[in-house]
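Written out below as structure tokens is the structure these notes cover.
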Amino acid sequence: MNTDRMSQVRNQTLLFIGLAVFTLLNLVPLIWAALTSFKNPADAFTVPPTIIFEPTFEYHRQVWLERGFVHYLINSLIVSAGTVLISVPIGSLAAYALSRMPQRRASPILFALFTIRMFPHMLLAIPFFVMGSFLNMIDTYPLLIMALVAINQPFTIWLMYSFFLDIPRELDEAAAIDGCSPWQTFRIVILPLARPGLTVAALFSLLLSYNEFLFALVLTGIRTKTLPVAIASFGGEDVSDWSISAAGAIGIMMPIVLIMIFVQRHLVRGLTIGAVKG
Amino acid sequence: MAVVLLWPLGYAVYLSTFDYHLGSPGMRFVGLANYAQLLSEARFWQSLWTTIGIAFGSVAVEFGLGFALALALYRLTFSTRVFMILLFLPHIITPVVATLFLKWILTSNWGLIDATLATFNINPPDWLGNPMWARVCVVLADAWIFTPFVMLVLYAALQTLDQAQIEAAKIDGAGSWRIIRHVVLPSLVPVIVFTVSVRLMDVFRFFDTIYVLTGGGPGTATETITMYTYQLGFQLLQVGKASALGIITLVIVAAIIATFSSVLQRGYGRN
């Protein structure tokens, strides 16, 4: 018995150490970038690399105030907020309708939505690009928001669908007996119950549109450039700008880390759009 | 709703039958000529093989590593959540940013790896400048970003395993390997099909990482189909041909996934 317990403890310790080492190695790029963002160029390019140096906030200040990142942040926020405000309400209406349909009729639609996730984004970007140039809408917010809603929508619907399914149908029936119209039922009875789902859908859409690169790259210009496009455009090339771009990159990352801590309970569901459970 | 989603696809199919340079006045209907031209082109086939190589390489790494991590977390009885969050960070940060982090590590001479190796007087290869290493770096970059996803999904699936079955196998004297092979893996098949399919779809369209890390280079060593489509559509503005390439990609992805899931399901269905 005792040897059993001891081998148990030993196994756990080995597992812990193994995971800890792996995690640390895994985070090296991140830690390195964070350190670089506080380094003067003189400290950033040394052989061997330095870990001890005099930190400076200069580059964090520069990237946001002098390199226009505040402007790009505002663009990112407008675009993400626009996407969320359009795709969550429409998505939850559609998802509610699907969840109250007979399974037989709902599943082909759900399957179609899932296949849309399979589309190469490149294939969707081309029509938006062509249409945008026709209508002279390249470098405007509505075009990018529309494109992001289009790629975001299947995801929102799937996610909300899995939340609505968990709300028992009896509630709808009870509301109907009490004289609610379908719309009132949805608004007064169902929506409040689905609030956690709405929050998750909104936050995930926010992440998706905040992180999106391809559409932002081809559909924006000087005026509406978002953060990922901005960081990519002056990120890697010029070595002397490392500290500045590291500061920018770390800055872009921060809101996401906060959101992630907030949604971690729902991560699996959000990331797999309910398909595992499906 | 359906219009918003299907319109771009329909329009892309429509565009793919025209010889159309954005900015030039006319569109000329050419039927399937764009497709024929692509299929007879060495650059297309090269980008296709590059894509397949990178796709299967990274999915293999991600799956192996992700499964190992999921099992480790499943066995660990404490501080699982902390590991989970830390391991998950690379996946959740903006892909462009994540790739930049890697680029700073891999850059020749000044990158962390080279600077460290130089300290020990080791002369490293040019990671991103050598065609073979550039491909390896792209695979590793994708693995860095997406292993956490595979890990999380498999971990969630492990939680739903039937403990009684595992206990029974233990009593029958099965070792850990045999339990994993004969009890754990079979019950995970649907989840495995799901994860691998999703990952294959994603790798076939992934763009940010290659764009930032190598830009398709050196030469065309890491030019995937997506990169080639981008070149055609947004640099050369041949939107007709680019659309055709996009449609071909879609067909290939659909075919691979259909084959993969039917083979795996049938293979396990027999046992």
> Considering A:50, A:36, A:23, which residue is of a type outside the set (Lys, Arg), outside any helix (DSSP H, G or I), open to solvent by less than 50 Å² (accessible area, probe 1.4 Å) and at negative phi?
Replying inline: A:50
> Looking at segment B:107-117, is at least one residue open to solvent by less than 40 Å² (accessible area, probe 1.4 Å) and modelled with pLDDT of 90 or more?
Replying inline: no
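Take the residues in segment B:231-241 that are at the interface with chain A (Cβ under 7 Å from one of its Cβ atoms) and open to solvent by less than 10 Å² (accessible area, probe 1.4 Å); name whichever of them is nearest to the chain's Cα centre (by Cα). Show your work before the answer.
Just the residues of segment B:231-241 that are at the interface with chain A (Cβ under 7 Å from one of its Cβ atoms), to begin with: B:233-234, B:239.
Then keep just the ones that are open to solvent by less than 10 Å² (accessible area, probe 1.4 Å); that gives B:233, B:239.
Details: B:233: 22, B:239: 25 Å.
The residue in question is B:233.
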> Taking segment B:58-82 as the search range and keeping residues that are at the interface with chain A (Cβ under 10 Å from one of its Cβ atoms) and crowded, with 18+ Cβ neighbours inside 10 Å, which one is nearest to residue B:201 (Cα to Cα)?
Replying inline: B:65
> Counting just the residues of segment B:91-123 that are in a helix (DSSP H, G or I) and more than 7 Å from chain A (Cβ to nearest Cβ), which one comes out farthest from residue A:30 (Cα to Cα)?
Replying inline: B:117
>> Looking for something part of a helix (DSSP H, G or I), under 27 Å from residue B:214 (Cβ atoms) and of a type outside the set (A, V, I, L, M, F, W, C) - is there at least one such residue anywhere in segment A:211-220?
In response: yes
>> Conditions first: (1) more than 21 Å from residue B:93 (Cβ to Cβ); (2) open to solvent by 40 Å² or more (accessible area, probe 1.4 Å); (3) facing chain B (nearest Cβ under 8 Å). Residue A:6 passes all but one, so which condition is the exception?
In response: (3)
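State yes or no: is residue A:185 among the β-branched types (Val, Ile, Thr) and outside any loop (DSSP other than H, G, I, E, B)? Walk me through how you get there before you give the answer.
Working: among the β-branched types (Val, Ile, Thr): yes; outside any loop (DSSP other than H, G, I, E, B): yes.
It is true that residue A:185 is among the β-branched types (Val, Ile, Thr) and outside any loop (DSSP other than H, G, I, E, B).
Please determine, by comparing only the residues of segment B:158-210 that are of a type in the set (Phe, Trp, Tyr) and not in a helix (DSSP H, G or I), which one is least open to solvent (accessible area, probe 1.4 Å). Show your work before the answer.
Looking only at segment B:158-210, we keep the residues that are of a type in the set (Phe, Trp, Tyr), and these are B:177, B:194, B:204, B:206-207.
Within this subset, residues satisfying the condition of being not in a helix (DSSP H, G or I) are B:206-207.
Numbers: B:206: 18, B:207: 3 Å².
Within segment B:158-210, the match that is least open to solvent (accessible area, probe 1.4 Å) is B:207.
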> Which of the residues that make up segment A:66-90 are open to solvent by less than 30 Å² (accessible area, probe 1.4 Å) and outside any helix (DSSP H, G or I)?
Replying inline: A:68
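Given the criterion farther than 22 Å from residue B:205 by Cα, within 14 Å of chain B (Cβ to nearest Cβ) and in a helix (DSSP H, G or I), identify the matching residue among A:143, A:124, A:93.
Values: A:143 fails: farther than 22 Å from residue B:205 by Cα; A:124 fails: farther than 22 Å from residue B:205 by Cα.
Every option except A:93 fails the conditions.
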>> With touching a residue at least 60 places away in the same chain (Cβ under 8 Å) and either surrounded by fewer than 22 Cβ atoms within 10 Å (Cβ to Cβ) or acidic (Asp, Glu) (or both) as the only criterion, which of B:130, B:121 stands out?
In response: B:130
> Taking segment B:245-263 as the region of interest, how many residues are within 18 Å of residue B:206 (Cα to Cα), in contact (Cβ under 8 Å) with a residue 12 or more places away in the chain and of a type outside the set (S, T, N, Q)?
Replying inline: 8
>> Quick test of your reading of the structure: residue B:223 fulfils all but one of (1) outside any helix (DSSP H, G or I); (2) more than 26 Å from residue B:258 (Cα to Cα). Name the failing condition by number.
In response: (2)
> Taking residue B:225, is it surrounded by 21 or more Cβ atoms within 10 Å (Cβ to Cβ) and modelled with pLDDT under 90?
Replying inline: yes
> Does residue B:48 count as within 30 Å of residue A:80 (Cβ to Cβ), touching a residue at least 24 places away in the same chain (Cβ under 8 Å) and either assigned to a loop (DSSP other than H, G, I, E, B) or out of contact with any Asp or Glu (no Cβ under 7 Å at 6 or more places or on another chain) (or both)?
Replying inline: no
>> Which condition from (1) more than 25 Å from residue A:151 (Cβ to Cβ); (2) open to solvent by 10 Å² or more (accessible area, probe 1.4 Å) is the one that residue A:63 breaks?
In response: (2)
> Could you list, in sequence order, the residues of segment A:41-64 that are closer than 15 Å to residue B:112 by Cα, in contact with a helix residue (DSSP H, G or I) (Cβ under 8 Å, 6 or more places away or on another chain) and of a type outside the set (A, V, I, L, M, F, W, C)?
Replying inline: A:41, A:46, A:48, A:49, A:50
>> Any residue in segment A:28-44 that is at the interface with chain B (Cβ under 8 Å from one of its Cβ atoms) sitting within a Cβ distance under 9 Å of a residue that is acidic (Asp, Glu)? List the pairs, counting only those 6 or more apart or interchain.
In response: A:36/A:43
>> Every residue in segment A:119-142 that is open to solvent by less than 40 Å² (accessible area, probe 1.4 Å), touching a Leu at 6+ places or on another chain (Cβ under 8 Å) and over 18 Å from residue B:22 (Cα atoms), please.
In response: A:119, A:120
>> If I ask for residues that are in a helix (DSSP H, G or I), open to solvent by 50 Å² or more (accessible area, probe 1.4 Å) and at the interface with another protein chain (Cβ under 10 Å from one of its Cβ atoms), which ones from segment A:98-118 would you list?
In response: A:109
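Please verify whether segment A:115-124 includes one or more residues that are of a type outside the set (Phe, Trp, Tyr), in contact with a Pro (Cβ under 7 Å, 6 or more places away or on another chain), modelled with pLDDT of 80 or more and more than 27 Å from residue A:168 (Cα to Cα).
Yes, segment A:115-124 contains at least one residue that is of a type outside the set (Phe, Trp, Tyr), in contact with a Pro (Cβ under 7 Å, 6 or more places away or on another chain), modelled with pLDDT of 80 or more and more than 27 Å from residue A:168 (Cα to Cα).
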> So which of A:256, A:231, A:252 ends up being β-branched (Val, Ile, Thr) and at pLDDT 90 or above?
Replying inline: A:252
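I need the full set of residues from segment B:242-255 which are open to solvent by less than 40 Å² (accessible area, probe 1.4 Å) and either touching a strand residue (DSSP E or B) at 6+ places or on another chain (Cβ under 6 Å) or of a type in the set (A, V, I, L, M, F, W, C) (or both), in order please.
First, the residues of segment B:242-255 that are open to solvent by less than 40 Å² (accessible area, probe 1.4 Å): B:242-250, B:252-254.
Passing the criteria: B:242, B:244, B:245, B:247, B:248, B:250, B:252, B:253, B:254.
Right, residue A:198: open to solvent by 10 Å² or more (accessible area, probe 1.4 Å) and part of a helix (DSSP H, G or I) or not? Walk me through how you get there before you give the answer.
Values: open to solvent by 10 Å² or more (accessible area, probe 1.4 Å): yes; part of a helix (DSSP H, G or I): yes.
Yes.
The values are calculated or read from the model by the stated rules, or taken from the named source; none is laboratory data. Keep in mind that this is a model prediction, so the values were computed, not measured. Virtual Cβ from ideal backbone geometry, glycine too; neighbours counted across all protein chains shown. When the accessible area is computed, the model is the full protein with side chains, heavy atoms only, and any ligands, DNA or RNA have been set aside. Shrake-Rupley method; radii C 1.70, N 1.55, O 1.52, S 1.80 Å.
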